[in-house]
Amino acid sequence: MASKTTGVASLAERYAAALFDLADERHALDAVAGDLRELRAMLQTSPDLVRLLRSPVLSRDEQGQAIAAISERAGLSELTRDFLGVVARNRRLFAMPEMIEAYLAKLAERRGEITAEVTAAQPLSEAQQNTLGEQLRRAVGRRVTVDIHVDPSLLGGMVVQVGDWRYDGSVRNRLDRLRKQLLVKSHDQIQSRRDRFSHSG
């Protein structure tokens, strides 16, 4: 399993590097990054799109036509649409999520930025994203690119990962901590009753 994961990561790096070089030549690094973030958001909210990328049943042409239609509806740039077409023809759409992350990581590295992976219970407004980015920049002392994922199972709040540093301010985490505290308290109460009972005997 580890070798398969490594293989996908290596494949994604190669494709991302090729796209990055093309975007750099055409002065379209930011435009492509915006496209890829849009595509990532679509993948997070559309199980049908994920199935399309991973489907072993659809032919190259069928996958290519479907991803072209989706790209056009989403208003993605010509370069990004062409890239997706190549990926589809090569039957590599299954690695698209990893390609997106690899490209964005390259862009952040080029600019001396650090990426903050933010998982929120619900989408953040542009103002909230800007405020969060500024707070993180002050905290780490560097420019921060905020990559936001939405996970409703968090119930509320957010989880922020910057390098090795992690902050979990989700409602789910607070509920988990509360549940553990109640379990410990319940255990202590039961133990206390047992101790009193044994002493009384």
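The values are calculated or read from the model by the stated rules, or taken from the named source; none is laboratory data. Please read all numbers here as calculations on a predicted model, not as lab measurements. With ideal geometry, Cβ positions are generated from the backbone for all residues, glycine too; neighbour counts draw on all protein chains shown. For the accessible areas, the whole protein counts, side chains as well, though only heavy atoms, and no ligand, DNA or RNA atoms are used. Shrake-Rupley method; radii C 1.70, N 1.55, O 1.52, S 1.80 Å.
General remarks:
- Residue, surrounded by the most Cβ atoms within 10 Å (Cβ to Cβ), within segment 81-97, restricted to residues that are on the phi < 0 side of the Ramachandran plot and not in a helix (DSSP H, G or I): 92
- For beta carbons closer than 7 Å, sequence separation of 6+ or different chains, a first residue in segment 50-66 that is touching a residue at least 40 places away in the same chain (Cβ under 8 Å) and a second that is open to solvent by 100 Å² or more (accessible area, probe 1.4 Å) and not in a helix (DSSP H, G or I), there are no qualifying pairs.
- Residues in segment 85-104 that are in contact (Cβ under 8 Å) with a residue 24 or more places away in the chain and of a type in the set (A, V, I, L, M): 87, 88, 93, 95, 96, 99, 100, 102, 104.
- Assessment of segment 67-80 against the conditions (free of Cβ contacts under 8 Å to residues at least 60 places away in the same chain, crowded, with 17+ Cβ neighbours inside 10 Å and small (Gly, Ala, Ser)) yields at least one matching residue.
- The condition of being in a loop (DSSP other than H, G, I, E, B), in contact with a helix residue (DSSP H, G or I) (Cβ under 8 Å, 6 or more places away or on another chain) and either at positive phi or surrounded by fewer than 17 Cβ atoms within 10 Å (Cβ to Cβ) (or both) does not hold for residue 142.
- Single condition residue 130 does not satisfy, out of (1) among the polar types (S, T, N, Q); (2) under 25 Å from residue 27 (Cβ atoms); (3) crowded, with 16+ Cβ neighbours inside 10 Å: (3)
- Selection status of residue 109, out of contact with any His (no Cβ under 7 Å at 6 or more places or on another chain), modelled with pLDDT under 90, part of a helix (DSSP H, G or I) and acidic (Asp, Glu): yes
- For first residues located in segment 152-164 and on the phi < 0 side of the Ramachandran plot, partners that are of a type in the set (S, T, N, Q) and assigned to a loop (DSSP other than H, G, I, E, B) and lie 6+ apart or on another chain with Cβ distances below 6 Å form the pairs 154/170; 159/170.
- Near pairs, Cβ below 9 angstrom, 6+ apart or cross-chain, from segment 123-144 (more than 19 Å from residue 157 (Cβ to Cβ)) to any residue that is open to solvent by 70 Å² or more (accessible area, probe 1.4 Å) and part of a loop (DSSP other than H, G, I, E, B): 137/143; 143/111
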